[in-house]
1. Using the Cβ atoms and a cut-off under 12 Å, what net charge is assigned to the surroundings of R186, where Lys and Arg are +1 and Asp and Glu are -1?
2. Can you pull the accessible area of R216 for me, 1.4 Å probe, Å² to the nearest 10?
3. What share of the DSSP beta bridges in the chain is antiparallel, in percent to the nearest 5?
4. Which GluC sites (Glu not before Pro) in region 118-178 pass both tests, a DSSP loop state and at most 15 other beta-carbon atoms within 10 Å?
5. Quick check: net charge around G225, other residues with Cβ under 13 Å of its Cβ, Lys/Arg +1 and Asp/Glu -1?
6. Does the chain come out rounded, prolate or oblate by the C-alpha gyration tensor, with a ≥ b ≥ c the root eigenvalues, rounded set by a/c under 1.5 and, if not, prolate when a/b is larger than b/c and oblate if not?
7. In whole angstrom, note down how far apart the Cα centers of region 69-145 and region 157-234 are.
8. Please state the charge dipole magnitude for the chain, taken about the Cα centre, from unit charges on C-beta atoms (+1 on K and R, -1 on D and E), reported in debye and rounded to the nearest 20.
Amino acid sequence: MKIIFSRKGFDSASGGGPSPIVKGRALSLPIPDTMGISRTTYGNLGLGGHARRASRGKLSGRHRCHNDPMFWDDGQALLGQCSAAQTHLANHGVGQGDVFLFFGLFREDGGAPHHRIFGYLQVERVVHLAECSEAERSKFATLDHPHALGMHASNDAIYCGHGSADAPADDALQLTVEGENPSVWRIPAWLEETGLSYHAREDRWLGDGRLQSVARGQEFVADTGEREDARRWAKDMIALIES
């Protein structure tokens, strides 16, 4: 199994600030639509006020957003990816049975910005939009998935599976070490042994269960093989997200 730490949502570069924690739950704000493809506004998602506050007035309910990943109440979830990030996932063989753990930058009123896990998707299948039937692509477009509404690159793919978001703001889902820069993470012991893509430099592994994560990048892959400790950890994270 592979566990993918997948960066999503607002931050200082995309959106203008951290996503909020609302009533004890992590509410990830989709990044703004920059390609003129999306049909979904922040207002459509009921996020207009949150987007306005997080962006310090630069965005509002009328602005369109890149609503991805997408989640439904029945537990179905979709994630689109393309370009270099999709090539990275493909090169690592990410597919059926693998788990995306979505994280982003968050801040509670009066608190410090920090990275935390807010959602997950366990992959059941991968659809390559340049190769699939027009009927299947149209089905995703009917759901207003931005990658199906217009190809972002030659390798657009949609990962389909079971998942959910809006996780509780539980301490166990916080990646950032308390009192540190958001990019200094507290990590499970197994990750120090398996490693993480884009984190090959030894000086990033700080010891004492800490990792200096890279400043940018979207998809970081840990190939856990058959490790039971990693599987149990992922299962625990999913249970927390769904609680």
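The values are calculated or read from the model by the stated rules, or taken from the named source; none is laboratory data. In this text the structure is predicted, and so the values were computed from the model without any measurement. FYI the Cβ positions are ideal-geometry reconstructions off the backbone, even for glycines, and counts take in every protein chain you see. We work out accessible area using only protein heavy atoms, side chains counted, and drop any ligands, DNA or RNA first. Shrake-Rupley method; radii C 1.70, N 1.55, O 1.52, S 1.80 Å.
1. -3
2. It works out to around 130 Å².
3. 85
4. When the GluC sites (Glu not before Pro) of region 118-178 are filtered for loop state and at most 15 Cβ neighbours within 10 Å, E131, E178 remain.
5. With Lys, Arg at +1 and Asp, Glu at -1, the net is -3.
6. oblate
7. Measuring centre to centre over Cα atoms gives 17 Å.
8. Here the size comes out at about 940 debye.
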